[in-house]
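K.L.:
Take a look at the following structure, please.
The values are calculated or read from the model by the stated rules, or taken from the named source; none is laboratory data. All of these numbers come straight from a predicted model, not from anything done at the bench. Counting neighbours? That spans all protein chains shown, and the Cβs are built from the backbone with ideal geometry, glycine included.
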Amino acid sequence: MYDLIIIGGGPAGIAAGVYAARKKMNTLLITDGLGGQSVVSAEIQNWIGTPSISGFDLAKNLEGHLRAQKGIEIVDDDRVTAVQKKEDGSFSLATKNAKTYEAKYILLVSGSSRKKLGVPGEAAFEGKGVVYCSICDAPLFGEKTVAVVGGGNSALESVIDLLPYASKIYLMVRSEILKGDPVTQEKIKNEPKVEILLDAIVHEVEGKDLVTGVKYQNAKSGEIKELPLDGVFVEIGLLPNSDFVKDLVDRDAYGAVKVDAKTQATSCAGIWAAGDVSDVLYKQNNISAGDAIKAVLNIYDQFKR
């Protein structure tokens, strides 16, 4: 029986692990990979205290800090698939690797996963021109024509990742405005190889052995058009990884776990949540880490009673 099980290994999970270890709680952290989603970022300029760092280096720094702590157990090759609350108020957790663990308290920092377009051809051409990680796959599209689908920061950053490689980049935005940071917007608007298509709703990914284009509709005119392409980068947002606790905690319409903003407590006594899996307004590494620390401090208040 652990005092606390932390589910997730991104900045929130690692910050929580460091604080839990320092509070000398008997803690287990379970994740299928330390570092979080930012591990694929070429450059991070807003991690406070570090003007510029790659996602890979940030992940390694975070992991090093966590492993330097005494009194915390780390499982970094597994994933929690089910949580049950027992009659005595404690919890039983089952994992993908058929392991079972028990804890008095749980902190959900399981993050989120990328949304899919859900259109014909997307699944068939995944890995064959349809991709979800620009920093991973941008070099594969040297001198190619590609589209980035989305209008937020992740989409704008994907365009920037592609600039050194692709010969032509279409940014396909389903609304009539871009939603990313103004500074980043200006950067891509001044790039001659970038063309922004507003009110563009992708209906189908087309191809043979590989992607050859997309079929899309203009949201205002209703006109259907075809756009020849070599690749499609999907950057339309994230889905909270919370299905395994859907019967225990209250969630919003998008699946984000609802939390008390003061304590990070959920609707289920004994479970707290922080980071992208929660209904926090802003999804940022610094905020995720801070909210996770807040949660651990509140858990410790309960623990020491």
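K.L.:
Given the structure, is Pro240 touching a Gly at 6+ places or on another chain (Cβ under 7 Å) and either at pLDDT 95 or above or surrounded by fewer than 16 Cβ atoms within 10 Å (Cβ to Cβ) (or both)?
P.N.:
It is true that Pro240 is touching a Gly at 6+ places or on another chain (Cβ under 7 Å) and either at pLDDT 95 or above or surrounded by fewer than 16 Cβ atoms within 10 Å (Cβ to Cβ) (or both).
K.L.:
Right, something else. Quickly run through region 97-141 and pick out the residues that are touching a Leu at 6+ places or on another chain (Cβ under 9 Å), of a type in the set (Ser, Thr, Tyr) and within 16 Å of Ile6 (Cβ to Cβ).
P.N.:
Hits for region 97-141 are Tyr101, Tyr105.
K.L.:
Next question, about the same structure. Which members of region 100-136 meet the condition of being without any contact (Cβ under 8 Å) to a residue 12 or more places away in the chain and among the charged types (D, E, K, R)?
P.N.:
Glu126
K.L.:
In the list Lys262, Lys283, which residue meets the criterion of being outside any helix (DSSP H, G or I), under 16 Å from the mean Cα position of the chain (by Cα) and either more than 24 Å from Ala94 (Cα to Cα) or at pLDDT below 95 (or both)?
P.N.:
Being outside any helix (DSSP H, G or I), under 16 Å from the mean Cα position of the chain (by Cα) and either more than 24 Å from Ala94 (Cα to Cα) or at pLDDT below 95 (or both) holds for just one of Lys262, Lys283, which is Lys283.
K.L.:
Restricting attention to region 248-298, and to residues there that are touching a strand residue (DSSP E or B) at 6+ places or on another chain (Cβ under 8 Å) and among the hydroxyl-bearing types (Ser, Thr, Tyr), which single residue is farthest from Leu28 (Cα to Cα)?
P.N.:
Per the stated criteria, the residue is Tyr254.
K.L.:
Having 3 or more residues that are surrounded by 17 or more Cβ atoms within 10 Å (Cβ to Cβ) and touching a Phe, Trp or Tyr at 6+ places or on another chain (Cβ under 7 Å) is the bar; report the strands (runs of 3 or more DSSP E) wholly within region 94-210 that clear it.
P.N.:
100-108, 145-149, 200-207
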